[in-house]
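Notes to accompany the following structure.
The values are calculated or read from the model by the stated rules, or taken from the named source; none is laboratory data. Predicted, not measured: the structure shown is a model, and the values here were computed from it. Don't worry about glycine lacking a Cβ; one is built from the backbone with ideal geometry, like all the others, and counts go over all protein chains shown.
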Amino acid sequence: VNRSLSTKALIIGGGPGGRISYMVLRTMGENKVKIVMNEEPTVICSLPYGVGRKLVPQGPEALVVDLSKGGRLPKDMPKDVIHGIVKELDIASKKAYAEGSDGQVEISFEKLILATGAVPWIPPVSGVLREGSSPAASEGKVTWVMYGNELVEKSRLAPNVYVIRGADDARRLDEFASRAKSVVVVGSGAIGLEMAEALHDRGLQVSVVEVLPHLSVALDADMASWIEKRALERGVKAYIGVSVTDVTPEGVALSDGSTIEADGVLFATGVRPNVALAKACGIKVERGIVVDSHMRTSHPDVYAVGDAVQVVDAPTGRPILPLIGTLAMRQGLVAASNIMGMPVELPPVTIWGVSSFFGLHWASIGWSEEAASKAGIPVKTIVLPVRTRDEAMPAGKNGNWKVVVSKEKTSDLKEGQIIGFQAVIEGDPVTNLSERFLDIIAAKESVPEILRHYFAHCPSQNAVDDPYLALFFNYQKSIAG
Ligand SMILES: Cc1cc2nc3c(=O)[nH]c(=O)nc-3n(C[C@H](O)[C@H](O)[C@H](O)COP(=O)(O)OP(=O)(O)OC[C@H]3O[C@@H](n4cnc5c(N)ncnc54)[C@H](O)[C@@H]3O)c2cc1C
């Protein structure tokens, strides 16, 4: 050990969850805070747009957060950053051991926040990992992927295999996009689709491989058909219902025996919570780190926030992994406030995803019909065609809402309770709408209660038809019929 220090609060991980935890602790007056970071703080959510360069013309470099510039974070934050990885954690003696460009540091703490996030998951197919020795990652900047069930350093990925999670991944992809002609994107969740669009914007021929029977895992097949049509219109090739069985220097082999030639393969096949440290020191872990509504783990002085933790799904009471950046930030606020002696609880929550694909805006909040059916939750659905402006206005575009409603009363659900919402709409963003349905679903409201939500209309912004009324009457009709 080169250095020993002691602090009131230690945060492990410098993603959105860790950074907001730091900000809140400092803002509330705590000056003894340290944060261990093993990679540059970055606006992760915007990385696909950094690679695509349409929205971020300067490229991924513009998304790296300069901690000395302040902004919402305290300007003197760099003094509290320990650059490296926490390799060992001793909860009984409240000590963490970090190693990296700041040397070996022993940190004694009173309270701990685990904000270790998630790592990209790659299916264990051959050709993903490099043959022979891998280039050394720069000191203290080791990051990982989960290859099957094995946590491996990213530097072990084959030269034509890519993931997207941090600034270095985006730099690699940006450089790749500047010289490559074709790419296979494996996985068509929000990140896979955003990257497909980004690489198409950079002039690459993009092929998307999806193991499910349709593109876009968060949407049901009927809603996803809009996305599939848009992919076709833009020349993005979709290989649906097949999986990648091999990565080769020439491209990929698929489970149906066919091959796709491509200069590179980007895996956007989901992430797994990074729970290695929590597990090693005996903190309770199920799918993610188990926390209560105060973000406290099974140890009273250890909190956990962000993608590493599981939360209780408000509408169904089941444990879920939301994996959402803005939620990680809320959780950071909750954990830090509790450490400061101000009791705050995480409000009821569910899962959500909002994105766009070549001008088609989509959202999926809570449970899709397909996810509910897999989980054995009996549901019915109401699909509503919607317009963005009145029929008389050529600027008006079409879209669909789909509302997933519990069919019967169970121990967790009311009859008619809204447990899921999807929207696909041309042109106009669906973020505000998504927030409203997030509130409705988290509050366990049923369709008959929907009329408590007023509808504001202004011809230049939306169509006069009140979709909440349509939802209400369609539901009543479905009960009557
Ligand atoms: C391409 C992309 C697009 C996204 N788009 C959106 C979006 O539009 N909206 C949205 O809400 N969310 C989005 N997300 C999800 C969002 O980025 C994550 O939910 C968020 O980053 C989680 O924050 P976190 O702090 O929990 O974890 P992370 O961001 O994963 O940060 C954890 C950090 O801890 C580090 N770490 C782990 N173990 C150790 C250790 N032992 N020592 C030191 N450091 C360690 C990790 O290397 C990492 O740097 C997107 C994610 C990606 C990848």
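On the stretch given as the stretch 123-160, residues that are of a type in the set (A, V, I, L, M, F, W, C) and touching a Leu at 6+ places or on another chain (Cβ under 8 Å) total 7.
For the stretch 348-405, the set of residues classified as loosely packed, with under 15 Cβ neighbours inside 10 Å and within 30 Å of residue 331 (Cβ to Cβ) consists of 373, 374, 375, 376, listed by residue number.
There is at least one residue in the stretch 110-124 that is more than 16 Å from the ligand (Cβ to nearest atom) and either part of a loop (DSSP other than H, G, I, E, B) or under 18 Å from residue 287 (Cβ atoms) (or both). Selection of the stretch 246-275 for residues being more than 14 Å from residue 160 (Cβ to Cβ) and surrounded by 16 or more Cβ atoms within 10 Å (Cβ to Cβ) yields 254, 268, 269, 270, 271, 272, 273, 274, 275.
Would you pick out the residues in the stretch 258-289 that are free of Cβ contacts under 8 Å to residues at least 60 places away in the same chain and either within 30 Å of residue 210 (Cα to Cα) or in contact with a helix residue (DSSP H, G or I) (Cβ under 9 Å, 6 or more places away or on another chain) (or both)?
Within the stretch 258-289, the first condition is being free of Cβ contacts under 8 Å to residues at least 60 places away in the same chain, and the residues that meet it are 258-259, 279, 284-288.
Answer for the stretch 258-289, where residues must be free of Cβ contacts under 8 Å to residues at least 60 places away in the same chain and either within 30 Å of residue 210 (Cα to Cα) or in contact with a helix residue (DSSP H, G or I) (Cβ under 9 Å, 6 or more places away or on another chain) (or both): 258, 259, 284, 285, 286, 287, 288.
One residue stands out in the stretch 141-168 among those that are away from the ligand (no atom under 11 Å from the Cβ) and among the hydroxyl-bearing types (Ser, Thr, Tyr): the one that is nearest to residue 102 (Cα to Cα), namely 155. Beta carbons closer than 6 Å, at least 6 apart along the sequence or on distinct chains, pair a first residue in the stretch 19-40 that is among the polar types (S, T, N, Q) with a second that is in a helix (DSSP H, G or I) for 21/332; 21/335; 21/336.
Taken as a whole, the stretch 255-269 holds no residue that is modelled with pLDDT of 95 or more, within 12 Å of the ligand (Cβ to nearest atom) and at positive phi.
Quickly run through the stretch 341-365 and pick out the residues that are under 15 Å from the mean Cα position of the chain (by Cα) and of a type outside the set (A, V, I, L, M, F, W, C). Residues satisfying the conditions are 350, 353, 355, 356, 364. Beta carbons closer than 7 Å, at least 6 apart along the sequence or on distinct chains, pair a first residue in the stretch 306-335 that is under 30 Å from residue 414 (Cβ atoms) with a second that is of a type in the set (Phe, Trp, Tyr) for 324/352.
Restricting attention to the stretch 2-31 and to residues that are within 16 Å of the ligand (Cβ to nearest atom) and in a loop (DSSP other than H, G, I, E, B), the residue that is nearest to the chain's Cα centre (by Cα) turns out to be 15. Taken across the stretch 177-192, residues that are out of contact with any Leu (no Cβ under 8 Å at 6 or more places or on another chain), part of a loop (DSSP other than H, G, I, E, B), over 24 Å from residue 420 (Cα atoms) and without any contact (Cβ under 8 Å) to a residue 40 or more places away in the chain do not occur at all.
Look at the stretch 466-481: where a residue is modelled with pLDDT under 90 and a partner is not hydrophobic (A, V, I, L, M, F, W, C), sitting 6+ places away or on another chain with Cβ atoms under 7 Å, you get 478/380.
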